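Since every read-out is calculated from the coordinates, none of them should be taken as a lab result. A quick note: this is a predicted structure, and the numbers were derived from the prediction, not measured. Here the Cβ positions follow ideal geometry from the backbone for every residue, glycine too, while neighbour counts run over all protein chains shown.
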Ligand SMILES: Nc1ncnc2c1ncn2[C@@H]1O[C@H](COP(=O)(O)OP(=O)(O)OP(=O)(O)O)[C@@H](O)[C@H]1O
Ligand SMILES: O=C(O)C1=C[C@@H](O)[C@@H](O)[C@H](O)C1
Ligand SMILES: [Mg+2]
């Protein structure tokens, strides 16, 4: 089984991905981390030094390599992963995609911390953050919505994932 966790920055992909992988006894990969390790640079440094297009190419390549090599894993994607290079179609063909979509306010509260790690947010003030997240989420929603499973509730447990995965 291949599981891909999708969603906006701060949705909880990394947080839940680790727990879900352990629960399902599957290898866990955080796509951002895979790229950071390969490149020996932080995501912010990659954006600054090589540009977003280069990062999106690395993301596409890392995703396809992991899928080519393995058929059992949980991958926590980056927030933008499904929205570039038709990665959403690729992931839907190769496994179960889950969109984690908590309330915008919840994500914004989480994103006020550790903003420097997220290049798209690092120059925004707290006041600008909410408007940015709302706008970007609206633009990305048509892609995220293509996920096979959508989890909007915030009150979730590993049981929630089990139930959805059983039906997927
Ligand atoms: N359900 C939750 N309960 C409490 N804290 C949470 C929950 N989900 C996420 N968090 C916390 O919110 C922050 C952001 O979550 P996380 O890093 O998992 O987001 P992400 O979806 O991986 O974002 P990104 O796309 O930027 O990698 C983390 O500090 C995490 O510990
Ligand atoms: O939403 C996005 O476009 C991003 C989310 C992060 O996970 C990183 O992949 C990067 O900061 C870009
Ligand atoms: Mg993450």
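The simple spin-label model puts a point 7 Å past each Cα toward its Cβ; for residue 105 and residue 155 those points are separated by 1.6 nm. Put the Cα centre of segment 1-15 next to the Cα centre of segment 47-80 and the gap is 13 Å.
Between residue 94 and residue 123, take the C-beta separation as r, use R0 = 35 Å, and let me know the FRET efficiency to the nearest 0.05.
Numbers: r = 35 Å, r/R0 = 1.00.
The formula returns an efficiency of 0.50 here.
Mind checking the full-extension length gain between residue 112 and residue 48? Use 0.36 nm per residue of separation minus the Cα-Cα distance, one decimal, nm. Mind dumping the intermediate values first?
Details: separation 64, 0.36 × 64 = 23.04 nm, distance 2.07 nm.
So the chain would gain 21.0 nm between residue 112 and residue 48.
Taken along the Cα-to-beta-carbon direction at a fixed 7 Å, the label points for residue 72 and residue 138 span 4.5 nm. Where does the chain land on Rg/Rh, using Cα atoms and the Kirkwood Rh? A ratio of 0.94.
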